[in-house]
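Comments concern the structure below.
What follows is calculated from the coordinates using simple rules that are stated; it is not laboratory data. On a predicted model such as this, the values are computed, not experimentally measured, just so you know. Note: ideal-geometry Cβ built from the backbone for every residue, glycine included; neighbour counts use all protein chains shown.
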Amino acid sequence: MLVGTAACASVATGVNGRWALADRGPRPTITLISGWQAVNIGDIAHTPGVLNLIDHYLPEARVLLWPGGRLDHGAEELLKANHPRVTIATDSEQIYRETDLLLHGSGPSVVRADRLAQWHKATGKPYGIYGVTVSEPQAVAEVLRNAKFVFTRETASIKRIREAGVEGPEIGFGPDGTFALKMRNNEAARRFLSEHGLESGKFICVVPRLRYTPYHKIRRITDPAALEQWKKKDEHNKRFAEVDHAKAREAIVRWVRATGGKALIVPEMTYQLEIMQPLLIDPLPDDVRRRVVRRTEYWLPDEAASTYAQAAAVLSFECHSPIIAAAVGTPAFYLRQPEDTIKGQMYYDLGLNDWVFEIDQTDGATIAQRLMKVEEDRMAARTYLAAAMKRAEQRFDACWKTIAACLSAATR
């Protein structure tokens, strides 16, 4: 789905899924703004996912990474190990001087709209936006208009951009960069699974989540007015925490008893290490609780991917663990809470309707029944997932043809 006019001139013909750039002397340089925070493995995974897309579609390009936030919790080391040809750059003058095309990477919004606006004013050189959610286009309307292209990670954002009257760039659906994640840490996963008696294909992974992520605790917010607002959100979280997770527990009980397998409770965010036990483990019946393993340490997306690859299925209240699972071919359910923005539309856009559960409109029995359907016909489930991943790849092809054309035009 593309709207608007062509953003850039045509690009040379593609070869084996790659878009060949015209020979114009020095290698063209693309700078990726990405890396929003490292307390969420989904936010970490955006960056290597988009870097994989750059590697695949633009192998001739020189790549700089301009972190949009902190690369702590081992995120920087992970990126350096998996993407050695990428240079992490923080000097804006160097970036302005050396970059031909600035690319804002996948994320919850146009997180660093400020950088795009500053770049446009200082250099006049092109920029584009890939794989974001745009919930409030009016707030970044000028940045959107001046972009060469805006590819959102779900079609709900396209609708809002249209309604805001934004015209100028090429606008379309570009799947979240995490769908292109390829990194693994098989040794760490093997060691953990072996230590806890988790056999390949004989366990499921389950990820908890509160309705509102408690950023006031994560970021240690002290402003009294902000804390007052967070007090209301905390109350909202308490209201729904048991109601939501009881539905996931019902699926755990059904699957464990029917298969004799185990359940592994894992985090997507750091804070979830604290809520696993009371929400997903303690209330379980004794016979099931004995077959549940709890991860007690935060991890990184490479180990998560290797673990999910061995699981029978993944059930998650968070949005990105199912994507990481999908990228390794493992069936995954998204238990979608209404507070978790419009980003969940991406699952419907890719045809994964049967594996999205609007949590206020479903019950535990329905989730459990669908999970058993996956268990009873794993081949059909993997075929269903493969069709969705094929749709993602087709959208990657279309979007990156445009991005390659823009990079080629920028170096003329």
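So what is the calculated 222 nm ellipticity per residue for the chain, using -39500 (n - 2.57) for each DSSP H run with n of 4 or more, over all residues, to the nearest 500 deg cm²/dmol?
Details: 15 runs with 181 residues, N = 412.
The helix contribution divided over the chain gives -13500 deg cm²/dmol.
Which of these, Asp55, Asp302, Asp223, has the largest mean-square fluctuation under a Gaussian network model of the chain (Cα springs below 10 Å)?
Comparing Asp55, Asp302, Asp223 in a Gaussian network model of the chain, the most mobile one is Asp223.
Once amide H atoms are placed 1.01 Å from N in the peptide plane, what residues at a sequence separation of 5 or more from Gly201, or on another chain, have their amide H within under 5 Å of its amide H?
Ala311, Ala312
Can you sort Val39, Val253, Val243, Val50 by how many other beta carbons sit within 10 Å, fewest first? List each step's numbers first, then the result.
Values: Val39 22, Val253 18, Val243 10, Val50 27.
Going from least to most buried by this count: Val243, Val253, Val39, Val50.
List the aspartates and glutamates whose Cα sits under 20 Å from the Cα of Lys217, skipping any in the same chain fewer than 8 residues away.
Here the aspartates and glutamates satisfying the reach criterion relative to Lys217 are Asp43, Asp72, Glu228, Asp234, Glu235, Glu268, Glu274, Glu297, Glu318, Glu339, Asp340.
Distance check, please: which entries in Lys121/Lys148; Lys159/Lys247; Lys233/Lys262; Lys233/Lys343 exceed 24 angstrom between their Cα atoms?
Among Lys121/Lys148; Lys159/Lys247; Lys233/Lys262; Lys233/Lys343, the Cα-Cα distance tops 24 Å for Lys159/Lys247; Lys233/Lys262.
Which whole-number percent gives the relative contact order of the chain, counting Cα pairs below 8 Å spaced six or more residues apart? Can you show the working numbers first?
Details: 786 pairs, mean separation 83.4, N = 412.
It rounds to 20 percent for the chain.
Using a 4.7 Å cut-off between beta carbons, which cysteines in the chain end up with no partner cysteine at all?
By the Cβ distance rule, which asks for a partner under 4.7 Å, the isolated cysteines are Cys205, Cys319, Cys399.
Show me the helices of the chain, taken as full DSSP H stretches, that run 30 Å or more along their long axis by Cα and average 1.0 or above in Kyte-Doolittle hydropathy.
Numbers: long enough: 224-259 (50 Å, -1.10); 378-410 (47 Å, 0.08).
None pass (Cα extent of 30 Å or more, hydropathy at least 1.0).
Name the residues whose placed amide hydrogens come within less than 5 Å of the amide hydrogen of Gly131, ignoring near sequence neighbours (fewer than 5 apart) on the same chain.
Phe151, Thr152, Arg153, Gly174
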